[in-house]
Amino acid sequence: MSDTTTPAAGRSPAPASPAPGKGRRLGLLPADPQARRFLRLQIATPFLAILFASFIGSLIMLAIGKNPLDVYFEMFAFSFGRIDSVATILFRATPLIFAGLACAISFRINLFNIGVEGQSLIGAVLASIVGFAFKGLPAYIHLPLVIIAAMVGGVLWAWLPAYLKVKRGVHEVISTIMLNYVAASLVHWLIADVFLDKSQVVGVGGMGSPRVRMPLIQPSARIPTMHGFFAHFGINFPSYVYVNWLLFVGIALAAVLYYVIWRTPFGYEIRAVAQNPDAAEAAGINARRQMFRTFLISGAIAGLVGLSDLLAFFGYLDIDFPRGRGFDGIAVALLGKNDPFGVILGALLFGFLSRGAEGVQVFSGVPAEVITIIQGVMILSIVVAYEIVSRYIRVQKKKEAQ
Amino acid sequence: MTPSTGAEIVKLEGITKRFPGVVANDRVDLTVNAGEIHAIVGENGAGKSTLMKILYGLYRPDAGSIYLRGTKQSIDGPGRAVALGIGMVHQHFMLIPAFTVTENIILGHEPNRAILNLKQVGTHIGELCRRYGFTLDPGACVATLSVGEQQRVEILKVLYRGADVLILDEPTAVLVPQEVAELFNNLRALKAAGKTIIFISHKLDEVLEIADRVSVLRQGRMVGTVEAARTDKRALAEMMVGRPVLFNLAKTDVAPGDVLLDVEGLTVPGRGARPVVNAASFKVRAGEVYGIAGVEGNGQTELIEAIMGLRKPSGGTVRLQGQPVTGLTPGELRRHGLAFIPEDRHKRGLVLPMTIWENLILGFHRDPGFSRPSGLNLNSIMSHANEMKKRFDIRLSRLDNPVLALSGGNQQKVILAREFSHDPKVIIASQPSRGLDIGATEFVHQQILEAQGAGKAVLLVSADLEEVMSLANRIGVVYNGEIVAELAADQVTPQELGLYMTGSKRQSREGVPA
């Protein structure tokens with residue numbers, strides 16, 4: 001992302017822009033007709049971009065001899081017509097919410113933390129260690145401990161690039177990418193050598209091979225599913241999908257971050273430093289310190305990315321633990337325009353696309369890669385569309401002021 | 001008609017140019033006679049530069065026609081303008097420092113031969129210099145030239161291309177008085193040789209000195225053309241602004257009080273071995289405006305940044321109200337009562353994409369009045385912003401528009417409102433009226449004098465000598481990072497200041513008592 005896009009990304013987010021006027025703080029829509037028009041435009045932007053991406057996807061489907069309308073119908077029917085699909089979408093969105101928030105908060109201050117991937121792995125390792133090593137703790141102590149351990153892991157892995165950035169001017173993109181590789185190898189070694197669970201009983205009569213994994217996480221550190229909660233609303237998710245309370249935590253975290261960014265001096269400083277570090281500095285804001293802190297916060301959130309899979313699904317950390325969430329988080333943050341609630345929508349969209357891809361692969365015979373292409377086009381077109389709209393609004397506002 | 005004017009050479013008729021949201025030129029008519037010096041004056045944004053860029057082919061007009069020597073022309077680019085004998089000297093020089101004067105002049109118009117005979121070209125340029133009385137060595141490297149000499153290279157460039165009509169865009173903005181005098185001599189020589197000069201400026205004294213006729217633009221419209229000999233500064237200013245303008249600011253006579261800002265031996269390292277600020281010492285008292293005059297780039301920026309805690313000095317001390325504050329952060333200095341109007345408001349003063357109300361609390365956002373443990377106190381912030389809007393007459397449509405939507409004058413008012421509203425003791429104002437129109441400049445000057453009258457210590461840095469001389473009580477002149485002279489503002493002439501500013505003269509001992 002070049003810096004021409006950052007002022008736009010830093011401006012008011014689409015769904016609920018900052019609301020200084022009295023009416024805006026109470027109501028959802030601004031009172032001013034022009035501001036309302038801009039808001040509508042901003043909300044419409046991602047949808048138009050999604051339509052455009054779907055159109056490109058259609059061309060590809062036509063090229064491989066499929067009827068795009070049928071495929072899209074199948075995609076929607078499969079994703080929303082089945083309760084297990086809905087649950088799957090929510091489950092898949094959960095880690096992406098954390099990954100997206102971790103990226104978004106760093107992008108907010110113009111730091112491109114590409115290392116959410118590595119930070120989440122280290123977070124998962126620490127969580128796993130605390131999860132299996134402490135025995136006999138009550139859940140209300142053990143589970144928070146595991147969550148804190150995950151955050152500490154993320155912070156640890158974010159600290160070095162943050163320090164190098166602020167003190168030595170090392171570009172965070174380079175250092176975090178490199179540390180992603182280091183994290184991957186380190187985790188492999190920790191799982192395969194240091195903490196390998198040697199007590200596994202292998203197959204019948206010694207046949208088969210053991211899993212390369214750490215010991216099982218104690219039941220007291222496993223996170224409960226949300227099935228009971230949803231049952232109150234008459235929604236009965238199947239037991240084989242593990243929608244869990246981290247979804248709720250992620251949404252709550254998004255709300256907290258939204259408040260921090262727009263309503264606290266800390267968030268004010270993040271925005272000021274992002275958009276003009278020189279002026280922020282002259283005004284007495286310690287820009288470097290603010291960057292450092294925000295980087296660590298990003299790392300802490302990144303540490304939480306793996307928890308949904310670790311604590312709700314697998315119950316152990318093995319070498320096949322899901323990868324790539326950190327990178328998906330970058331796309332989710334872009335889609336969400338670095339707005340916490342936008343991130344949630346972006347994560348849900350990704351959840352839907354991945355579930356829908358399975359559907360069309362099985363039932364329409366369209367390779368899942370086509371959906372991946374749509375995903376890519378969608379990210380590109382949304383980023384471009386955001387930029388066009390924010391430039392348009394900037395020009396309009398300038399006109400109005402003159 | 002004055003004797004110097006001949007037949008009309010350039011005629012613009014009904015020129016209109018629209019930019020998104022603005023009409024930069026609105027049916028502008030202009031006639032320039034051959035062999036005259038024709039000044040075009042107007043405030044920032046009045047459309048002077050746009051009009052000249054249209055004549056030079058950089059912009060196409062939306063309506064209107066251009067006549068040259070009586071023939072209608074369509075000028076679709078600078079190349080066409082040059083072919084027609086029009087040349088433009090831009091405000092910002094476009095020279096290659098490592099090249100010699102000759103190489104720079106022929107750049108883009110090299111003689112079309114296999115072997116470049118620089119000596120021959122140099123002789124030709126030397127002739128041009130002699131003809132118009134330019135003191136310039138064609139073989140000198142541009143990097144070694146002074147600003148005034150570089151400007152001469154730019155003018156020669158235009159002459160070399162055979163221009164009869166020369167457009168000069170704010171040529172005096174970068175010059176010290178002596179250089180201005182030399183430029184004017186050159187222009188008179190050109191005029192005597194039959195060249196036509198269009199001179200863009202907003203400095204009325206200079207315009208009255210050099211021009212034969214003056215055309216005034218206001219908000220994109222041509223107000224009128226007058227003969228310089230038959231008008232005066234006051235009348236021109238009124239034409240420019242559309243209302244009478246005060247020229248003599250009322251300085252309140254306050255007996256200077258305690259020393260509030262004391263800078264002693266402040267040294268700031270530069271990139272090379274020589275420091276950019278070299279042992280600068282001065283004192284600013286309560287109720288006093290201390291002006292720092294100097295050609296830009298002589299260490300003023302670094303000096304102010306060092307005082308503000310934005311740059312590390314290698315030696316010396318800064319005291320605020322007697323307390324040593326060297327090395328404190330900008331935030332801590334603010335809490336010691338230091339206010340700062342930066343020279344570049346877009347770089348250091350404002351966060352342009354953020355809203356007006358957010359910019360009004362920048363740096364004070366953690367004050368108990370604006371923030372509570374639970375977050376920003378929007379109610380009190382908004383009422384403060386509304387109060388500032390009234391008190392400083394900030395013209396805005398909505399407080400939650402980004403500050404970039406404001407005009408330069410109103411942006412500066414946002415900074416003044418922010419910096420002046422927290423009862424500072426010492427105010428550092430760096431180029432406070434740069435790029436502002438007359439109205440906003442007046443306002444800024446009034447605010448500075450009000451602060452001085454209220455017993456604050458003001459450190460004023462300005463490249464505009466007139467500004468320094470009319471506001472300051474004492475003036476320190478910087479040259480090459482050193483304060484070479486300290487003078488009482490009411491006992492010094494611009495010419496004398498110019499000598500110090502160019503390093504031709506320096507005081508041997510301490511200046512006027514603080």
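The values are calculated or read from the model by the stated rules, or taken from the named source; none is laboratory data. Computed from a predicted structure; not experimentally measured. Glycine also receives a Cβ, built like all others from the backbone with ideal geometry; neighbour counts cover every protein chain displayed.
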Subset of segment B:342-388 [within 13 Å of A:E269 (Cα to Cα), of a type in the set (S, T, N, Q) and without any contact (Cβ under 8 Å) to a residue 24 or more places away in the chain]: B:S371
Residue check, A:A254 small (G, A, S), surrounded by 19 or more Cβ atoms within 10 Å (Cβ to Cβ), over 15 Å from the mean Cα position of the chain (by Cα) and part of a helix (DSSP H, G or I): no
Listing of strands (runs of 3 or more DSSP E) fully contained in segment B:1-95 that carry 1 or more residues being at pLDDT below 95 and within 26 Å of the chain's Cα centre (by Cα): B:8-19, B:22-33, B:37-41, B:86-89
Failed item, numbered, when B:G435 is tested on (1) within 23 Å of B:F282 (Cα to Cα); (2) outside any helix (DSSP H, G or I); (3) not charged (D, E, K, R): (1)
Subset tally (residues that are of a type in the set (F, W, Y) and either within 23 Å of the chain's Cα centre (by Cα) or assigned to a helix (DSSP H, G or I) (or both)) for segment A:180-197: 2
Strands (runs of 3 or more DSSP E) wholly inside segment B:144-230 containing at least 2 residues that are at pLDDT 90 or above and surrounded by fewer than 17 Cβ atoms within 10 Å (Cβ to Cβ): B:221-227
Candidates B:V477, B:V468, filtered to the one that is touching an Asp or Glu at 6+ places or on another chain (Cβ under 9 Å), within 28 Å of B:S201 (Cβ to Cβ), crowded, with 24+ Cβ neighbours inside 10 Å and not assigned by TED's automatic domain parsing to the domain that holds B:K48: B:V477
Flag if B:Y160 is in the same structural domain as B:A81 (by TED's automatic domain parsing) and within 28 Å of the chain's Cα centre (by Cα): no
A:F363 under 22 Å from the mean Cα position of the chain (by Cα) and surrounded by fewer than 24 Cβ atoms within 10 Å (Cβ to Cβ): no
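Each row is one residue, and each column tells you yes or no for (1) among the aliphatic types (A, V, I, L, M); (2) under 30 Å from A:R211 (Cα atoms); (3) in contact with a Cys (Cβ under 7 Å, 6 or more places away or on another chain).
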| site | (1), (2), (3) |
| --- | --- |
| A:N236 | no, no, no |
| A:W245 | no, yes, no |
| A:Y258 | no, no, no |
| A:A282 | yes, no, no |
| A:Q290 | no, no, no |
| A:F295 | no, no, no |
| A:S308 | no, yes, no |
| A:A312 | yes, yes, no |
Residue check, B:I483 assigned to a helix (DSSP H, G or I), aliphatic (A, V, I, L, M) and at negative phi: no
For B:A405: the one exception among (1) over 26 Å from A:Q290 (Cα atoms); (2) more than 7 Å from chain A (Cβ to nearest Cβ); (3) not charged (D, E, K, R): (2)
Subset of segment B:195-235 that is closer than 16 Å to B:A46 by Cβ and small (G, A, S) - its residue that is farthest from the chain's Cα centre (by Cα): B:G224
A:G336 vs. criteria more than 14 Å from every other protein chain (Cβ to nearest Cβ), surrounded by fewer than 24 Cβ atoms within 10 Å (Cβ to Cβ) and not hydrophobic (A, V, I, L, M, F, W, C): no
Some residue of segment A:98-106 being among the aromatic types (F, W, Y), in contact with a strand residue (DSSP E or B) (Cβ under 9 Å, 6 or more places away or on another chain) and surrounded by 24 or more Cβ atoms within 10 Å (Cβ to Cβ): no
Per-region count, segment B:211-229, residues on the phi < 0 side of the Ramachandran plot and either out of contact with any strand residue (DSSP E or B) (no Cβ under 6 Å at 6 or more places or on another chain) or of a type in the set (D, E, K, R) (or both): 7
All positions within segment B:368-393 that are more than 9 Å from chain A (Cβ to nearest Cβ), surrounded by fewer than 16 Cβ atoms within 10 Å (Cβ to Cβ) and in a loop (DSSP other than H, G, I, E, B): B:P368, B:G369, B:P373, B:D393
Residue within segment A:264-274 that is surrounded by fewer than 24 Cβ atoms within 10 Å (Cβ to Cβ), touching a helix residue (DSSP H, G or I) at 6+ places or on another chain (Cβ under 9 Å) and more than 14 Å from chain B (Cβ to nearest Cβ) present: no
Failed item in (1) surrounded by 12 or more Cβ atoms within 10 Å (Cβ to Cβ); (2) under 30 Å from B:I15 (Cβ atoms), with B:H92 passing the rest: (1)
Residue in segment A:238-250 that is more than 10 Å from chain B (Cβ to nearest Cβ), of a type in the set (G, A, S), in a helix (DSSP H, G or I) and buried (at least 23 other Cβ atoms within 10 Å of the Cβ) present: yes
Residue satisfying all of: in segment B:96-109; assigned to a helix (DSSP H, G or I) and of a type in the set (A, V, I, L, M); surrounded by the fewest Cβ atoms within 10 Å (Cβ to Cβ) among these: B:I106
Residue in segment B:119-135 that is more than 30 Å from B:L51 (Cα to Cα), surrounded by fewer than 15 Cβ atoms within 10 Å (Cβ to Cβ) and among the β-branched types (V, I, T) present: yes
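Results for (1) at pLDDT 95 or above; (2) part of a strand (DSSP E or B); (3) more than 26 Å from the chain's Cα centre (by Cα), shown as yes or no for each residue.
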| residue | (1), (2), (3) |
| --- | --- |
| A:M178 | yes, no, no |
| A:S199 | no, no, yes |
| A:R211 | no, no, yes |
| A:G228 | no, no, no |
